[in-house]
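The values are calculated or read from the model by the stated rules, or taken from the named source; none is laboratory data. Nothing here was measured: the structure is a model prediction, and the numbers come from that model. Heads up, the Cβs are rebuilt from the backbone with ideal geometry, glycines too, and the neighbour counts pull from every protein chain shown.
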Amino acid sequence: MKKHNFSAGPSILPREVIEETAKAILDFNGSGLSVLEVSHRGKDFQAVMDEAVALFKEILNIPEGYSVLFLGGGASMQFCMVPYNFLEKKAAYLNTGVWAKKAMKEAKGFGEVVEVASSADANYTFIPKDFTIPADADYFHVTTNNTIYGTELKGDLDSPIPMVADMSSDIFSRPVDVSKYICIYGGAQKNLAPSGVTFVIVKDDAVGKVSRYIPSMLNYKTHIDGGSMFNTPPVLPIYSAMQTLRWIKAQGGVKEMDRRATEKADMLYAEIDRNKMFVGTAAKEDRSRMNICFVMAPEYKDLEADFLKFATDKGMSGIKGHRSVGGFRASCYNAMPKESVQALIDCMQEFEKLH
Ligand SMILES: Cc1ncc(COP(=O)(O)O)c(C=O)c1O
């Protein structure tokens, strides 16, 4: 039976990327060696790293003066690297979910942290709109897509100070004005690669300004200077990331990813709003196109486990909602085909007919 992979992360990758990665595991560039067993400093892998960085910059239209890094440690490591490198006195954070809160917690160890606004009291079902960003803070941190709650910032905010963004779950799903940010980071395991690598876009002249000592591995300058090779980088996920970037470019780049994301999300939200058995959990204006969260309507609440089984039996995988929201979450990342979204809609309609 065909499986439709709605997992929130690690998550669906283009089939071509998985096939190319499998080929390189068996024989990397016709070398007779696996990509798993060659030096990261060899010319073949250096070419992979160079292409991944070049495509990253090209596809996101990253201006001059920025570096793209591929590091270990996950987005969670960036929660501490960001304040380590950029927080001298004060930083501002927008609290839109558990990941934003975790980022904020780490920053508190380095200086004053201003929570400009929070939707915690409403279980993060919306993104706060009216807030003031302190003009004297070192940076303003946002989480552009809230993977757990299914809310998304629809574009780049205006800020009087440079922004830092966690784009773990929406990178490459829309064009980004990188010049508004000094740092954009994310775990790659949603829209880019298998888990194990973290991407960081960092403005070169924003680093080296804080007065504290920064351990080498946590210092962006180390990795900028070392071309992400200060230590052994996560070779295999970087290889897959390079393949995904080729795929995104071949499909038409972020403009096309953006168009597809809206098309798929519109289809599924239209069904959630039409179908009497389901209700969306996020405020309509903030609905994420990447993580579509919904629950059973109150009068059908008892049927949650039944629908999960019904959909799973029809090949839907990974649609169980996060424990802090409940219900269902259909993650529709870049590689998710429209046909899979349609298959889920068909399931919802069949289930409705049965009840
Ligand atoms: C928005 C966001 N930030 C951070 C993380 C944490 O990423 P990692 O597991 O790579 O540390 C996640 C993981 O799901 C996420 O969705």
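Look through region 282-306, keep the residues that are in a loop (DSSP other than H, G, I, E, B) and within 23 Å of the chain's Cα centre (by Cα), and return whichever of them is surrounded by the fewest Cβ atoms within 10 Å (Cβ to Cβ).
So, considering only residues that are in a loop (DSSP other than H, G, I, E, B) and within 23 Å of the chain's Cα centre (by Cα), the one surrounded by the fewest Cβ atoms within 10 Å (Cβ to Cβ) is A283.
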### Summary
Of (1) more than 16 Å from the ligand (Cβ to nearest atom); (2) under 26 Å from S173 (Cα atoms); (3) of a type outside the set (S, T, Y), F45 fails just (2)
### Task
Specify the residue that is surrounded by the most Cβ atoms within 10 Å (Cβ to Cβ); the eligible residues are those in region 307-355 that are in a strand (DSSP E or B) and of a type in the set (A, V, I, L, M).
A330
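Could you pull out every one of the strands (runs of 3 or more DSSP E) wholly within region 129-189 that has 2 or more residues that are closer than 17 Å to V207 by Cβ and either more than 16 Å from the ligand (Cβ to nearest atom) or aromatic (F, W, Y) (or both)?
181-187
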#### Entry: Tally of residues being over 18 Å from the mean Cα position of the chain (by Cα) and either of a type in the set (S, T, N, Q) or in a helix (DSSP H, G or I) (or both) across region 223-238
8
## Note on the structure
Expected output for region 89-113 (first residue under 16 Å from D166 (Cβ atoms), partner within 11 Å of the ligand (Cβ to nearest atom) and of a type in the set (K, R), Cβ below 7 Å, 6+ apart or cross-chain) is N95/K101
### Considering residues of region 65-78 that are among the hydrophobic types (A, V, I, L, M, F, W, C) and either surrounded by fewer than 22 Cβ atoms within 10 Å (Cβ to Cβ) or part of a strand (DSSP E or B) (or both) only, the residue nearest to the ligand (Cβ to nearest atom)
M77
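Kindly indicate whether any position in region 166-179 is at pLDDT 95 or above, among the hydroxyl-bearing types (S, T, Y), surrounded by fewer than 24 Cβ atoms within 10 Å (Cβ to Cβ) and over 19 Å from K89 (Cα atoms).
Within region 166-179, one or more residues are at pLDDT 95 or above, among the hydroxyl-bearing types (S, T, Y), surrounded by fewer than 24 Cβ atoms within 10 Å (Cβ to Cβ) and over 19 Å from K89 (Cα atoms).
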